[in-house]
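The values are calculated or read from the model by the stated rules, or taken from the named source; none is laboratory data. This is a predicted model, so every value here is computed, not measured. FYI the Cβ positions are ideal-geometry reconstructions off the backbone, even for glycines, and counts take in every protein chain you see.
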Amino acid sequence: MFQRTRAALAALAATSLLATTALAGDLVINFDDPNPGPKQGFEDAVAKFKEENPDINVIVNINDREAHKTAIRNFLSADAPDITSWYPGNRMAPFVDAGLFEDVSDLWEEEGFGETLAAIKPTMTRDGKQWGVPYTYYQWGIYYRKDIFDDLGIEEPKTWDELLAASATLKENDITPFTIGTKFLWTAAGVFDYLNLRTNGYDVHNALTAGEIKYTDPRIRATFEKWQQLIEPGYFIENHATMSWQDAIAPFANGEAAMYVMGNFSVDAYKNAGLTEDQIDFFQFPEITPGVPRAEEAPADAFFIPSGAKNKEDARKFLAFIARPDVQSEWNKTIGQLPINSEASVSDDKFIQEGFATVSTASGLAQFYDRDAPAEMAKAGMEGFQEFMIKPERLDRILERLDKIQERVYK
Amino acid sequence: MAVADASLSTRPEKSWYQKNKLAVTPWIFLAPAILFFVVYVIAPIFQSIWISFFEWDGLGDAEWVGMRNYVELMDDDRFYTSLKNNVLWLVLFMLAVPAGLAVALFLNQTVMGMRVYKSLFFFPFVISQVVVGLIFTWFYNPNFGIVGEIWSFFGASPPAILADEDLVTYGIIFAGLWPQIAYCMILYLTGLNNVAADQIEAGRLDGAKGWSMLWYVVLPQLKPATFIAIVVTVIGALRSFDMIAIMTQGGPYGSSNVLAYYMYETALSEYGYRMGYGSAIATVLFLIMLVYISFFLWRMYQDERGGR
């Protein structure tokens, strides 16, 4: 069946070479980020695509991110666009399994994405096939107030002990070391992921999110012990469960907190909160267990073709277009993130440069706890992390509950 | 009618409809309402009970699992938390009824501009629940909210009401009470308009005043209003969805969940899409509501039969 569709597509492609203008029609794209930067980047790319393909009538729908997450389930099965943005890893799994995304392995092969997009290939792959094309990713790490660090004579910590020492110094000076807002849970997963990646490494992260090791495993307990070392002395800001990640920027901006475990998309928000480029800086999450190869969180965003798309031929053209090095360079410069295409050039912004240095030398790239683990497990896990941050003494109960859920989810 | 029938009797035969006019016509008028009620209310109830026997993500094939969703429910901490919170809601939300009565009694006097005060008191019911939730979220914010200000004024460190598992549900119920009191108040205000002046007069002559007047003369006459107020408050408590969605999303770590929101979370939210499990929760919620609703329907029936 699959072979036949491919053959048909090839035939279609061949005829279209002769009569592009006649065959080309509307290309509907659903995009999920109306924030100024990302919207600009997307629209610039679409404009360029239109310029190169004047015969394709591109229709763009830009939706709010949360609304998109709900709407996608409807529009994929009812009224499919030709292209939609979505996330790789386990987040695309339900749609792939339900046959709602088009297999684009042929495109990966033709365009040699296996080489140029190698960094993200594993997370775009399910059942041995590729289902979409990624256009951007970003690093995670610790953003900190450089001015405060300089005032107190703190260096960028390289090891766990240095991080604890730096936190102690900050605390002595009435500055909470870490800000965080866990109202929407995922921020806590970022901290957990890093502690786990540094304590146990990439393989344990993958085994845990794949349901192969238990939450009560001694290695995972070791991760929580490290976390406890930050929670017990009050190194995280109070009331974090009432705050979103944006709310948590306020104490960071007014100097009540000095560090933030975050993704690079947050830099814009720091600047909007009144911090200047000189006041903020970035360092990689410090080493915990010496010798564990450094893996990083680097979630990617991608575009997919719904299997119900009407104009799959032009959709493939667009996917090939957004993977091009020049397009990815331009786009990611606008949105302040990293291009995935290894031939693309990286913006000379200092955070992007540091981020590039961070992810390009990493031994493994994790997507994020809630993208690597199945949705139900992720939700329960992140609630567990939040509960642990507020009531660390309940660790045993939390881990046992997570084990119970894990058993059911992965059965 | 009799006249019309007589004039028609000269015809040899009446059509079936004409013979059964009186019996059939009400049903014709009821038909559209019944049709939509069946399609949009009755059928979905059975549909969701049916779905609760499946494991289904809403996209792929549904897998028959029998009672497994219910067995899982029995062993689910989050479910018990939600159930407990539902009970809390039901009990505490009832405060809206006496509070509404108190406000109504207070406002039931003739003062200049009384209508303005009445509409101001009614205002919280008119604005959207989402807005109420948002406003109270800000009130409760320990950093810049009014609660934080008051606590700091007395030199105490303010509680993070919405982040504390022991306080969060009370915080949300309190926010929910605000519009609900307004609702009960308006029900009682209309009720008070119909309180017979002669009975008050008679009561006064018999020496009733203050509490005894309220309890023995006014309240019995307000019985219909009380009945409606309790019914809408029970239903309001069981549907307490919007407040939770806006204020905490069930957090911290699920401790402010109620069944309605938990159902939404498991069946329809970002990390959910377990339609079967969500339907099982919905079924339990439905059964709880059914107990209340049948009780009140039974009461209503009794009252009507007794002629009150």
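Structure summary
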{"quantity": "Condition check for residue A:365: on the phi < 0 side of the Ramachandran plot, more than 10 Å from chain B (Cβ to nearest Cβ) and in a helix (DSSP H, G or I)", "calculated": "no"}
{"quantity": "Residue list for segment B:75-133, filter: of a type in the set (Ser, Thr, Tyr) and modelled with pLDDT under 90", "calculated": "B:110, B:117, B:119, B:128"}
{"quantity": "Wholly within segment A:60-143, helices (runs of 4 or more DSSP H) carrying at least 3 residues that are among the hydrophobic types (A, V, I, L, M, F, W, C)", "calculated": "A:65-77, A:93-97"}
{"quantity": "Qualifying position, being within 27 Å of residue A:265 (Cα to Cα), away from chain B (no Cβ under 14 Å), acidic (Asp, Glu) and in contact (Cβ under 8 Å) with a residue 60 or more places away in the chain, among A:115, A:102", "calculated": "A:115"}
{"quantity": "Within segment A:154-163, considering residues that are in contact (Cβ under 8 Å) with a residue 12 or more places away in the chain and assigned to a loop (DSSP other than H, G, I, E, B), the one farthest from residue A:280 (Cα to Cα)", "calculated": "A:158"}
{"quantity": "Residue among A:261, A:327 that alone is closer than 30 Å to residue B:167 by Cβ and either surrounded by 19 or more Cβ atoms within 10 Å (Cβ to Cβ) or within 14 Å of chain B (Cβ to nearest Cβ) (or both)", "calculated": "A:261"}
{"quantity": "Elements of type helices (runs of 4 or more DSSP H) contained in segment B:152-249, each with 2 or more residues being within 14 Å of chain A (Cβ to nearest Cβ) and free of Cβ contacts under 8 Å to residues at least 24 places away in the same chain", "calculated": "none"}
{"quantity": "Complete set of residues in segment A:296-336 that are assigned to a loop (DSSP other than H, G, I, E, B) and of a type in the set (A, V, I, L, M, F, W, C)", "calculated": "A:298, A:305, A:309"}
{"quantity": "Selection count, segment A:229-286, where residues are within 10 Å of residue A:143 (Cα to Cα) and either in a strand (DSSP E or B) or not assigned by TED's automatic domain parsing to the domain that holds residue A:387 (or both)", "calculated": "10"}
{"quantity": "Selected residue (criterion: nearest to the other protein chains (Cβ to nearest Cβ)) from residues of segment A:202-214 that are surrounded by fewer than 21 Cβ atoms within 10 Å (Cβ to Cβ) and not aliphatic (A, V, I, L, M)", "calculated": "A:211"}
{"quantity": "Count of residues meeting criterion [in contact with a strand residue (DSSP E or B) (Cβ under 9 Å, 6 or more places away or on another chain) and either in a loop (DSSP other than H, G, I, E, B) or surrounded by fewer than 18 Cβ atoms within 10 Å (Cβ to Cβ) (or both)] in segment A:345-355", "calculated": "4"}
{"quantity": "Residue check for residue A:397: assigned to a helix (DSSP H, G or I) and closer than 26 Å to residue B:277 by Cα", "calculated": "yes"}
{"quantity": "Selection status of residue A:380, buried (at least 20 other Cβ atoms within 10 Å of the Cβ), part of a helix (DSSP H, G or I) and of a type outside the set (Val, Ile, Thr)", "calculated": "yes"}
